[in-house]
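Read-outs throughout are calculated quantities, based only on the coordinates presented, and are distinct from any laboratory measurement. Since we're looking at a predicted model, the values are computed, not measured. Positions of Cβ are backbone-derived with ideal geometry, glycine not excepted, and every protein chain shown enters the neighbour counts.
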Amino acid sequence: MDLNELLSYEWGAMMPEFIILGTAALLTLIDLFMPKENDRRILGWIAIVAIISAGISLAGMIDVPVTSILADTFRLDSFAKAFKFILLAGSALVLLLAIQYDPKDGFEEYRGEFFYLFLTALLGAMIMASSGDLITLFVGLETLSISSYILAGMRKNRLDSNESAMKYVLNGSISTAVTLFGMSYVYGLAGSTNLKEIASVLQMTADTQHVYLLGIAFFMILIGLSFKIAAAPYHMWAPDVYQGAPTPVTAFLSIVSKTAGFIIILRIMLSVFGTLASEGPNTMPLLLKLQDYIAFLAAATMIIGNVVALRQRNIKRLFAYSSIAHAGYMLVAFSTLSYFMFDAIWFYLVAYLFMNLGAFAVIQLITEKAGSSEIKDFAGLYKRAPLLAAAFGILLLSLAGFPGTAGFIGKVNIFMGTFVDPGNPHYVLASVMIAMTVVSYIYYFGILTQVFFRPAQDSSAIKTPVVLTIAISIAVAGSILFGILPNVALDFLHEYFNGFTDILR
């Protein structure tokens, strides 16, 4: 590649990534040379400015047509733009939690490292959103994963943090190996790592032996990526990691990392298996023929996540199982493969961003005050901080899917999607989703019972820091706004992203 060819690329398409990358490098140098006694929170504010700048840069490219550079390994299409907005918004709010995080357990020593590792993880997720090639998808996935492993174990002096990092590394390595092995089958049969070229080759696949091998690749990739989103039965790492990791990292894994997981699932599954002719040209795609297996995975994830959450007494473990259940809800939308699948998943991720991150902001504040993360520590919160308790209540109701909240609209969109195809309605999946939503009310309302109806062991008032107040206010406002006026988000999606119709072009 000569200089003229290098300069001919439209590098502006990667401007948000360049901003994040440059800031991560800058924070590394600042942290290296900054005196140890100086407060590293300033690095967090610099990171937030970088994320806002990246968001502004991305907003300026909304109307730009599909741009592909570096031999179609990087694509700026509507799919990438829409999901990058979620990644950037979620990351900015998580950084607000990290700036205020002060658990008195040795985290302060590594606060500077946290911020640039966090940006590196975000960069990996953004690369995944724009990947048009299996190699760049994998590079983005591992950039996110390796940074997340380190973030989960940042509290080096705590045994539970060390345990969470070890379990995360082991499970993540296994899932990576399984995913990569499945990708190698796809490459061996298609002779290319480019998603568009793979799709064009596999459309003409008529050899039954090739179809059989691609079926194996499908299951290996699906299983490997199921680890990443903590879908049952590949979820066992999540509760321990969520409990042992610092609360901002837990929020990051629950929101940003899970969004990235669904990004790579949609990219690979639709690009590789969504256009495959399983018995010859112009026949049913393999993804459609195997959708019942995805539906089974979705049902198992919802059932295990919600039922096991009933027995939890630690708030972070409960939210880990809640996160597993929410992954199941989004898998319902994916398994139906309806015309509204993208809309349903994107809107649910937006709603989940607000309601879950706001809840983690409250959890961080209370667990720091109490010195533990037991649910009983939330008893009497209404007496100690009425506005904080009311905000927490709204966020929990949204997570439960109570009418008038964004969580309710998100679940309704997914539920209605199960009946879009009159020839193949998913009655069983819809029934499981309703039943598990009712089950989730039990443990969410159990928390509300502690907050509003149980006496507090400590009656001292709780003062919410300004930074957390901002994060919680944004989360509550988003949960209410998109619950009452969901078309604000859906119209934005349809007007600027045209239903993601260019994901396969």
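Quick look at the numbers
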read-out: Extended-chain gain in nm, criterion 0.36 nm per residue less alpha-carbon gap, Leu70 and Ser192; value: 42.4 nm
read-out: Tilt relative to the chain, helix 159-190 - C-alpha long axis, 0 to 90 degrees, to 10; value: 10
read-out: With Cα atoms, 0 to 90° folded angle of helix 15-33 axis to the chain main axis; value: 50
read-out: Order of Ser164, Ser373, Ser192 under a 10 Å beta carbon neighbour criterion, fewest first; value: Ser192, Ser373, Ser164
read-out: Label point 7 Å beyond Cα of Arg313 along Cβ direction - residues of the range 438-454 with amide nitrogen under 19 Å; value: 443-451, 454
read-out: Potential lengthening between Glu109 and Val412 on full extension [0.36 nm per residue; Cα-Cα distance subtracted]; value: 104.6 nm
read-out: Amide H contacts under 5 Å for Asp133, placed H, 5+ residues apart; value: Leu195
read-out: Relative contact order %, the chain, counting alpha carbon pairs below 8 Å whose residues are six or more apart; value: 15
read-out: Ascending count of other beta-carbon atoms within 10 Å, so fewest first, for Met61, Met204, Met126; value: Met204, Met61, Met126
read-out: Two-site FRET efficiency, Ile434 against Tyr339, from Cβ-Cβ distance with R₀ of 25 Å, rounded to 0.05; value: 0.70
read-out: Mean separation of Cα contacts under 8 Å, 6 or more apart, over the residue count of the range 127-195: relative contact order %; value: 36
read-out: Using alpha-carbon coordinates, inclination of helix 258-268 to the longest axis of the chain, degrees; value: 0
read-out: Estimated inter-spin distance, Ala59 and Phe219, nm [label 7 Å along Cα→Cβ]; value: 4.8
read-out: Neighbour-count order for Ile304, Ile255, fewest beta carbons within 10 angstrom listed first; value: Ile304, Ile255
read-out: Spatial separation of Cα centroids for the range 381-421 and the range 247-271, in angstrom; value: 21
read-out: Within straight-line cross-link reach of Lys369, lysines at Cα separation under 27 Å, skipping those fewer than 8 residues along the same chain; value: Lys36, Lys104, Lys156, Lys316, Lys383, Lys463
read-out: Potential lengthening between Leu29 and Leu481 on full extension [0.36 nm per residue; Cα-Cα distance subtracted]; value: 158.7 nm
read-out: Label-point separation, Phe445 to Ile462 (7 Å along Cα→Cβ), nm; value: 2.2
